[in-house]
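The values are calculated or read from the model by the stated rules, or taken from the named source; none is laboratory data. Note that the structure is predicted; figures quoted are calculated from it, not measured. Cβ placement follows ideal geometry from the backbone for every residue including glycine, while neighbour counts extend to all protein chains displayed.
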2 protein chains.
Amino acid sequence: MGEMVRTVVVHDEELLRSALAQLLRSDDTLEVSAHSPDTGTPDAEELPADVCVVDGECLQGQDEVRGERLRGRYGDRLVVLATAKRPGVLRRAFEGGALGLVDKNAPTHRLITAVHTVAKGERFLDETLTVALLKGAEMPLTTRELGVLSLASQGAPIAEIAARLHLSRGTVRNYMATAIRKVGARNRVDAIRIVQSAGWT
Amino acid sequence: MGEMVRTVVVHDEELLRSALAQLLRSDDTLEVSAHSPDTGTPDAEELPADVCVVDGECLQGQDEVRGERLRGRYGDRLVVLATAKRPGVLRRAFEGGALGLVDKNAPTHRLITAVHTVAKGERFLDETLTVALLKGAEMPLTTRELGVLSLASQGAPIAEIAARLHLSRGTVRNYMATAIRKVGARNRVDAIRIVQSAGWT
């Protein structure tokens, strides 16, 4: 038998965190611990690990700082759980340098294989996610357009978006109109819906 | 030892479905199977169960028909996983008659206790969810206002909402304005955000 692979599971929800940890423990070459994404650094230093398994949804939106922290701690030894429905989530994990991307609809043994592959420093990418990942690459909006939509999605009116991004109102309206057209939306609300459901914000 | 409790786990995502099933199997008085919420009736009849454990998110929005199907099949013997962050999800599960409501942040043994409690036909409600459930009861919108917001959130313009609900445009605008005021939103997008994040749509 080879060396044990120390694996840490990060998930928002205690119940699913425990469940995933228990699933991984079915492989007795994995030494598994689990913690919340909000655990601060001191606690985490007591949990050294070779591989970190994390739900991609825990790295989204306002939780982006968590992604930074995990990358700082585990480097590219991340196995991110994602689905083809959310190409933006996938894309972010991929661009963030995570070596492993596992489909949440994959059977258990795929996750275990992913952990071992990433532990060796090799890339693991579920085939079912490849097309979605390429779609995510086609995100049609510029950073500015996405920024405008993202602030709008939080309920900010045009004037506030303009102030926060140091732009004129007219410019904000232009970005908004371009974003709506580019994603094929019918209006502002529709554009926000499209962008959010793809996991781009 | 008493009789075995036949438990079925329903979750969108195969990986989490397996993980939850495995977690429940740590109690050897539970006989656990797992299936996708999209499994049709014939398949499901091969899976008789005393209790059904389901993620509340799988019963939301366009997935409501699944909730109907599960209720038709398991009656009130449902254990719904939910969080305090989404009072609307909780409320829907509660009003749908589910006997069990378990916090996704609860430790594993709570879920197992919930399954046994519901198997006996008794109610199980995590204390951490009670306040959120009461909040969900305070949903300030009428069915009409919520319907208008819900169509708007799918990107429908005023004219289309009016046509679909057999209302005049002016009436739709009035419902919209009232809904925005009632939820304390700054504008239409903000109202949609508030209503969605609470799980009311």
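Count of region A:121-145 residues, restricted to those that are within 13 Å of chain B (Cβ to nearest Cβ) and either surrounded by 22 or more Cβ atoms within 10 Å (Cβ to Cβ) or not β-branched (Val, Ile, Thr) (or both), is 2. Taken together, the residues in region A:131-150 that are part of a helix (DSSP H, G or I) and under 20 Å from the mean Cα position of the chain (by Cα) amount to 12. Screening B:Ile158 on (1) closer than 23 Å to A:Ile158 by Cα; (2) in contact (Cβ under 8 Å) with a residue 24 or more places away in the chain; (3) not hydroxyl-bearing (Ser, Thr, Tyr) shows it passes everything except condition (2). Of the residues making up region A:98-112, at least one is more than 21 Å from A:Gln22 (Cβ to Cβ) and not in a loop (DSSP other than H, G, I, E, B). The number of residues in region B:79-97 being within 12 Å of chain A (Cβ to nearest Cβ) and in a loop (DSSP other than H, G, I, E, B) comes to 4.
Within region A:64-76, the presence of at least one residue that is under 9 Å from the mean Cα position of the chain (by Cα), part of a helix (DSSP H, G or I) and surrounded by 14 or more Cβ atoms within 10 Å (Cβ to Cβ) is confirmed. Among residues of region B:17-39 that are facing another protein chain (nearest Cβ under 9 Å) and at positive phi, none has a beta-carbon under 6 Å from a residue that is in a helix (DSSP H, G or I) and among the hydroxyl-bearing types (Ser, Thr, Tyr) at least six positions away or on a different chain.
Only a single item in (1) in a helix (DSSP H, G or I); (2) within 14 Å of chain B (Cβ to nearest Cβ); (3) modelled with pLDDT of 90 or more is not met by A:Tyr175, and it is number (2). Could you grab the pairs with beta carbons closer than 9 Å, sequence gap of 6+ or different chains, first residue in region B:82-95 and aromatic (Phe, Trp, Tyr), second one surrounded by fewer than 22 Cβ atoms within 10 Å (Cβ to Cβ)? Correct list of pairs: B:Phe94/B:Leu125; B:Phe94/B:Leu133; B:Phe94/B:Ala137. The set of residues in region B:178-201 being within 22 Å of the chain's Cα centre (by Cα) and part of a loop (DSSP other than H, G, I, E, B) consists of B:Val183, B:Ala198, B:Gly199, B:Trp200, B:Thr201. Across region A:42-63, a minimum of one residue is classified as out of contact with any Gly (no Cβ under 6 Å at 6 or more places or on another chain), at pLDDT 80 or above and assigned to a loop (DSSP other than H, G, I, E, B). Right, B:Val118: under 15 Å from the mean Cα position of the chain (by Cα) and modelled with pLDDT of 95 or more or not? In short, no. Scanning region A:151-162 for residues that are of a type in the set (A, V, I, L, M, F, W, C), within 14 Å of chain B (Cβ to nearest Cβ), in a helix (DSSP H, G or I) and more than 20 Å from the chain's Cα centre (by Cα) yields A:Ala152, A:Ile158, A:Ala159, A:Ile161. The listed residues are A:Val118, A:Val148, A:Val189, and the only one of them that is surrounded by 16 or more Cβ atoms within 10 Å (Cβ to Cβ), in contact (Cβ under 8 Å) with a residue 12 or more places away in the chain and within 14 Å of chain B (Cβ to nearest Cβ) turns out to be A:Val148.
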